[in-house]
1. Which of the residues that make up segment 1-34 are within 17 Å of ALA99 (Cα to Cα) and over 14 Å from the mean Cα position of the chain (by Cα)?
2. Name the residues in segment 39-59 that are within 16 Å of the ligand (Cβ to nearest atom), of a type outside the set (Lys, Arg) and exposed (fewer than 13 other Cβ atoms within 10 Å of the Cβ), would you?
3. GLY121 is checked against (1) in contact with a strand residue (DSSP E or B) (Cβ under 6 Å, 6 or more places away or on another chain); (2) surrounded by fewer than 18 Cβ atoms within 10 Å (Cβ to Cβ); (3) under 18 Å from GLU28 (Cα atoms) and fails just one. What number does that condition carry?
4. Return the only residue of ALA157, ALA122, ALA136 being part of a helix (DSSP H, G or I) and free of Cβ contacts under 8 Å to residues at least 12 places away in the same chain.
5. Are any residues in segment 65-99 within 10 Å of the ligand (Cβ to nearest atom) and at pLDDT below 95, and if so, which ones?
6. If the Cβ limit is 7 Å and pairs must be 6+ apart or interchain, which residue in segment 54-65 that is over 11 Å from ILE76 (Cβ atoms) pairs with which residue that is modelled with pLDDT of 95 or more and exposed (fewer than 13 other Cβ atoms within 10 Å of the Cβ)?
7. So, of the residues in segment 103-118 that are surrounded by fewer than 19 Cβ atoms within 10 Å (Cβ to Cβ) and of a type in the set (A, V, I, L, M), which turns out to be nearest to the chain's Cα centre (by Cα)?
Amino acid sequence: MSSALVAIVMGSDSDLPVMTAAEEALKEFGVSCEIQVMSAHRSPEVVSQFASQASDRGLRVIIAGAGGAAHLAGVIAAHTTLPVIGVPVESSALNGLDALLSTVQMPAGIPVATVAIGKAGAKNAGILAVQILATADPGLCQKLAAFKKKLSSDVQAKNQKLQAERKS
Ligand code: RP5
């Protein structure tokens, strides 16, 4: 059994600077995670074994980030009933548009919850994983409510500052 509830996997260690945003988001909510590098193209057997065993190991959500012809999230989703969140990484000449389309355009029956390209997407993947876990965890639910409240008060503070600057 893994003690982690969420797995963050990525196609290459070159994806790490983007995918750490997912880990930071999970840490903010005190959710344990594991991080692994595996590739749908370069180490397909490892991916298939990981995905097939993920649920039995105690994982509850999988976040998968990859760039280029990004098939990692989709292949993992094919091998598990766990929710899979896909993060398109902007690692190629096409700045992540290729990864976005490869990740999001799944055939009916095998969903991948695809977030935005890059760091914002990785952060949202972490938050979305927390939201999925929070459906069965009132403590996490409360933390999410406080998080959203802070988002709103931060924006209001920025607006107040702007209005004050424009007056002076
Ligand atoms: C993808 O190819 C990886 O997810 C990465 O974004 C991209 C480039 O990988 P490296 O050549 O840097 O290992 O599979």
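1. SER12, ASP13, SER14
2. GLU45, the sole residue that qualifies.
3. All conditions pass for GLY121, except number (2).
4. From the options ALA157, ALA122, ALA136, the qualifying one is ALA157.
5. Those that are within 10 Å of the ligand (Cβ to nearest atom) and at pLDDT below 95: SER91, SER92.
6. Going by the 7 Å Cβ cut-off, the qualifying pairs are SER55/THR81.
7. Among those that are surrounded by fewer than 19 Cβ atoms within 10 Å (Cβ to Cβ) and of a type in the set (A, V, I, L, M), it is ALA116.
Yes/no per residue for (1) away from the ligand (no atom under 15 Å from the Cβ); (2) surrounded by fewer than 23 Cβ atoms within 10 Å (Cβ to Cβ); (3) within 13 Å of ALA125 (Cβ to Cβ):
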{"site": "VAL9", "(1), (2), (3)": "no, no, yes"}
{"site": "SER14", "(1), (2), (3)": "no, yes, no"}
{"site": "THR20", "(1), (2), (3)": "no, yes, yes"}
{"site": "CYS33", "(1), (2), (3)": "yes, yes, yes"}
{"site": "VAL61", "(1), (2), (3)": "yes, no, yes"}
{"site": "LEU101", "(1), (2), (3)": "no, yes, no"}
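The values are calculated or read from the model by the stated rules, or taken from the named source; none is laboratory data. Keep in mind the model is a prediction, meaning the values are calculated, not measured. Note that we place each Cβ from the backbone using ideal geometry, even for glycine, and neighbour counts take in every protein chain shown.
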